[in-house]
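One structure is given here, and the rest of the page talks about it.
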């Protein structure tokens, strides 16, 4: 079986990119051939056997380049030398689409007016690409990873139920808490200069503003003094540190915030932490939430997160939508007050879950598709 996977750009710290790599490895391990159609591959050694076709999209803007990427991908499909195709970004024409993002048709009206959505090329192009996948008459099978996410697309586009295929959570298996967890925790906390009594709050993201780092900083600032002075905030990700640091300075928290940058060993940072706070403004799913739970770290997240049901079940706190800062403030203080109890509940819950099955289900769907086409 020969599979063509389209991913606009690969870099090692992105959630979508990590999912893509896990899918690629699962397909290759099953003995199939994988061709990756992309604009770049950075920061990670190529898996053995993976073939890459790099293209240069036309256009000056991000939306112009994505539109060009979509057109070149469809032109590539015309060669007819692959058995099945999978798109990881919003592009039309693939046999399968991996839904990692929130529904733009639902989300954009909450932020932008009618004229902006229909006259500005940026929004118009991305909405058109999304529509090309989800409109009722399209043929693409849609992988979905969170019930709330799926419902928004169904309500917005009236996509037939039979075109959706559910995926379980998927994450880095290294995040599963091991017998060496306490040893790794001690070593990493020493590296981060965290005192034993310090409560480490973590956020892992590639866009801190979108994921609510400012909300978390404000919540820490609003804690009672005894709780606040005992907290450090670790922001892991490829971000503009100066911008985030300036926010911390305004709140007089600059000495309590750490910026390690983008990291591949997030499992070690999770083990060094005591709580994840993820009050995202937009989050189709939120694999980092699952990775935190698997590591035994309680989570506070916004109701906008697709994986919020897992947080609720694991004794974490899920905030109401629309977001209210006062609710996060109260949730943070309450969670810190009963952190040992919530940590034990989270660890017990994680032992009952299989958080690493997503790539296997994707592979099974691809294989079934090819087999049915051969029978036809």
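The values are calculated or read from the model by the stated rules, or taken from the named source; none is laboratory data. Treat the numbers as computed from the prediction; the structure is a model and nothing was measured. Counting neighbours? That spans all protein chains shown, and the Cβs are built from the backbone with ideal geometry, glycine included.
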**Message:** Return the residues of the stretch 145-154 that are surrounded by fewer than 19 Cβ atoms within 10 Å (Cβ to Cβ) and modelled with pLDDT of 95 or more; say none if nothing qualifies.
**Reply:** 154
**Request:** Would you tally the residues in the stretch 3-51 being surrounded by 15 or more Cβ atoms within 10 Å (Cβ to Cβ) and in contact with a strand residue (DSSP E or B) (Cβ under 8 Å, 6 or more places away or on another chain)?
**Result:** 27
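In a loop (DSSP other than H, G, I, E, B) and modelled with pLDDT of 95 or more, is that true of residue 101?
Values: in a loop (DSSP other than H, G, I, E, B): yes; modelled with pLDDT of 95 or more: no.
Spelling it out, it is not the case that residue 101 is in a loop (DSSP other than H, G, I, E, B) and modelled with pLDDT of 95 or more.
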**Prompt:** Restricting attention to the stretch 221-237, which residues are touching a strand residue (DSSP E or B) at 6+ places or on another chain (Cβ under 7 Å) and over 20 Å from residue 195 (Cα atoms)?
**Reply:** 237
**Prompt:** Of all residues in the stretch 58-75 being crowded, with 17+ Cβ neighbours inside 10 Å and either outside the structural domain of residue 25 (by TED's automatic domain parsing) or touching a helix residue (DSSP H, G or I) at 6+ places or on another chain (Cβ under 9 Å) (or both), which is farthest from residue 125 (Cα to Cα)?
**Reply:** 70
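With under 30 Å from residue 281 (Cβ atoms), assigned by TED's automatic domain parsing to the domain that holds residue 145 and touching a residue at least 40 places away in the same chain (Cβ under 8 Å) as the only criterion, which of 104, 86 stands out?
When all the criteria are applied, what remains is 86.
Among the residues of the stretch 207-224, is there at least one that is outside any strand (DSSP E or B), outside the structural domain of residue 9 (by TED's automatic domain parsing), more than 24 Å from residue 323 (Cα to Cα) and at pLDDT 95 or above? Give the steps one after another, and end with the answer.
Step one: of the stretch 207-224, the residues outside any strand (DSSP E or B) are 207-224.
Subset that is outside the structural domain of residue 9 (by TED's automatic domain parsing): 207-224.
Keeping just the survivors that are more than 24 Å from residue 323 (Cα to Cα) gives none.
Within the stretch 207-224 (the criterion being outside any strand (DSSP E or B), outside the structural domain of residue 9 (by TED's automatic domain parsing), more than 24 Å from residue 323 (Cα to Cα) and at pLDDT 95 or above), the answer is no, since none of the residues qualifies.
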**Complete:** Subset of the stretch 104-144, residues at pLDDT 90 or above and not in a helix (DSSP H, G or I), comes to 135, 136, 137, 138, 139, 140, 141, 142, 143, 144
**Message:** Based on this model, can you work out whether residue 167 counts as at negative phi, buried (at least 20 other Cβ atoms within 10 Å of the Cβ) and touching a residue at least 40 places away in the same chain (Cβ under 8 Å)?
**Reply:** yes
**Request:** Those residues that are in a helix (DSSP H, G or I) and at pLDDT 95 or above, I need them from the stretch 1-21; list them, please.
**Result:** 20, 21
**Prompt:** Do we have any residue at all in the stretch 309-332 that's assigned to a helix (DSSP H, G or I), surrounded by 17 or more Cβ atoms within 10 Å (Cβ to Cβ) and under 19 Å from the mean Cα position of the chain (by Cα)?
**Reply:** yes
**Request:** Give just the number: which of (1) at pLDDT 95 or above; (2) over 18 Å from the mean Cα position of the chain (by Cα); (3) crowded, with 19+ Cβ neighbours inside 10 Å; (4) not in a strand (DSSP E or B) does residue 200 not satisfy?
**Result:** (4)
**Asked** Which number in (1) in contact with a strand residue (DSSP E or B) (Cβ under 8 Å, 6 or more places away or on another chain); (2) part of a helix (DSSP H, G or I); (3) farther than 17 Å from residue 212 by Cα marks the one condition that residue 263 misses?
**Response** (2)
